[in-house]
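I have placed the structure first, in the form of structure tokens, so that the comments after it can refer back to it.
Just so you know, all these numbers are worked out from the coordinates, no wet-lab data involved. Just so you know, these numbers come straight off a predicted model, no measurement behind them. Because the Cβ atoms are built from the backbone with ideal geometry, glycine has one as well, and the counts that use them run over all protein chains shown.
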Amino acid sequence: MLQCLAKLTHQSGALGCRRESPCHVLHRITTLAILACTALFSQILDTPSLKAESSDRPNIVLILADDMGYSDLGCYGGEIDTPNLDALAQGGVRFSQFYNTAKCHSSRVSLLTGQYCIAAGDTALSHGVTSAEVLGNNNYFTLMAGKWHLRKQPTDFGFQRYFGHLSGACNYFAGDNTFRLNGEPFEVPKDGFYTTVANVDYSLKFLEEARRGDDPWYLYLAFNAPHAPLHALPQDYAKYEGRYDQGWDAVRAQRIAKLKRLGVLPKDLEPSPRPEHVPAWDQLLPWQREYEAKRMATLAAMIDRLDQEVGRLVADLKQHGELENTLILFVSDNGACPYDRTPPRLDIEPTSARRYFGDSTGWSWARNGAFRYYKQNQYEGGISTPAIFHWPAGISLPAGSVVDQPAHLIDVLPTLVEVTESQLPDSWPDRQLRPISGVSLNPVLQGQSLPSRPPLHLLFASDRGLREGDWKLVSFRSGPWELYNLADDRAENHNLAADEPERLQRMVSTWHEMAEQVLHAPAGARRPVKETTGPHQHREWTNFSATEPKNYIGRRRGKKATPVKQGG
């Protein structure tokens, strides 16, 4: 500016202009200087190598559902009305083999840090950095709404705005005492509150603030739905009441058939059979069928509402011309939850703070599609998540494509780093960083294959697994190792451990090496598995052998299950 002003002062004197007062001269010089420097600055911005790129970087919306089954969405085989997420899938890309960690908090750690949970320092995040911190360093305005479920608060880990609850679960109508707004306690209104709606209310408020600046933004929207307690808005529950009287056998069969029609699962896939701890629907007592139909109606209503709120967010992006260059990613933190911890209440509608249901083991089996088992287990039913990527300006694959390459939540951070042109830091105050384990999925979104990657390590509590190429190693609660070829047997029906002893031992060795060297897992988590085991059971799965409601919930420790008579 000073050089421009000096040059213009010299030129004005050489032009032989008529003599003016000092004030007029100064005004003329200042005006010319501003015009000239504005033109010069415009030329600089128009130079390709120096052009500002902030407007080209995408906004990011990362949506996490809680305890959603693999087949709950319409675009993944479900009968629940989810038109907004289905539209994102139709206009974007779906992954058929996208994995989470099978548990709420550990999936959040992996999603945010690109590391396995233990490696990142678990909920303390003492060995990792979050996507909010990484993108914030690249001038992204970072926002979050919803469930945190980690140490401290989101505002301690890079999120500049936050609304939601720090707890792992809460009452949808009344909330709890962990609600925060930008780091300060938030008093939940006594009336007119429902967390799924409130999360998007505050997301839209934060986006309104973000648009006042010039920087791109990053929104992490972590719904607590459809995690228990099962709570639905009255109008949503009324929509689904009576729809599930046909039972879980029929619903599951319909979902699997639709998954195959959609091309998400192979047409020749052999579904896993109904497990021995879940009876056929027609074997249930009348009160059990009535109660279970109500539980699934409530879950459907919660998922429908989640989709409605996603639609409200997408409509806002469209209204502001942002949808085209916003990367939207939708995933779930684990498979459907089987842990039945709430005594049956047969004569209620779960549509207010004091009226709710607990999770159902039988419906969890049906909701995980063709796959075995549930949340916490490292079988496909516990770790497989619907995964939708939508970014019209940035995805080269044809809209509606289904990607069969395996991927994991640890891949989200490196993907965001690449598409936002950010950089991972080498160090961070008060943390000892460890390398990330994920890889960027951007090549896949551009129609390319991923380069070779390390095996995917699977561990929560005593449940273990390893995915290496098409092969899958899995252990149920430290039971004997099982081995499956997922290229031919995605539903894990045919255990090949006895047929492939060398492969089995090599993969077991890899699991232990990664647990020690990559995860830094304690010795107790790496103990050898048991050589023999009995039937797969869990004390908190629904006790279907109960003839009275008071005995229907999961059994307490030390009480053995009564075998369920099977048939049909």
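Structure notes:
- For the stretch 61-77, Karplus couplings with θ = phi - 60° (6.51, -1.76, 1.60), whole Hz, Gly/Pro x: 10, 10, 10, 10, 8, 10, 6, 7, x, 4, 10, 6, 7, x, 6, 10, x
- Relative contact order of the chain, pairs being alpha-carbon contacts under 8 Å that are 6 or more residues apart, as %: 21
- Sequence-distant residues sharing a close amide H with E500 (under 5 Å, placed H): none
- Lysine-lysine proximity count for the stretch 59-454, Cα under 20 Å, sequence distance 8 or more or distinct chains: 9
- Net charge over other residues, Cβ less than 12 angstrom from the Cβ of Y356 (K, R count +1; D, E count -1): +4
- Overall dimensions of the chain, expressed as equivalent-ellipsoid semi-axes from the Cα gyration tensor (√(5λ), whole Å, largest first), are 50, 27, 21.
- Over the chain, DSSP H runs of length four or greater, each weighted -39,500 (n - 2.57), average out per residue to a 222 nm ellipticity of -9500 deg cm²/dmol.
- Tensor-based shape of the stretch 183-303 (alpha-carbon gyration tensor, a/c under 1.5 rounded, otherwise prolate or oblate): oblate
- Assigned charges on the beta-carbon of Lys, Arg, Asp, Glu; the stretch 210-296 dipole about Cα centre (debye): 280
- Euclidean distance between Cα centres, the stretch 129-149 to the stretch 151-171, Å: 11
- Under Karplus coefficients 6.51, -1.76 and 1.60, residue-wise ³J(HN,Hα) of the stretch 542-550 in Hz, glycine/proline x: 4, 8, 6, 6, 5, 9, 10, x, 5
- Beta bridges per DSSP, both residues in the chain: antiparallel share near 55 percent.
- Contact order relative to length of the stretch 455-535, as percent, for alpha carbon pairs under 8 angstrom and 6 or more apart: 25
- With at most 15 other Cβ atoms within 10 Å, longest stretch of the chain clear of loop GluC sites (Glu not before Pro) (DSSP): 54-186
- Cα gyration tensor, the stretch 99-215 - rounded (a/c under 1.5), prolate or oblate: oblate
- Table column - 3J(HN,Hα) (Hz), the stretch 161-168, Karplus curve with 6.51, -1.76, 1.60, x for Gly and Pro: 9, 8, 9, x, 10, 7, 6, x
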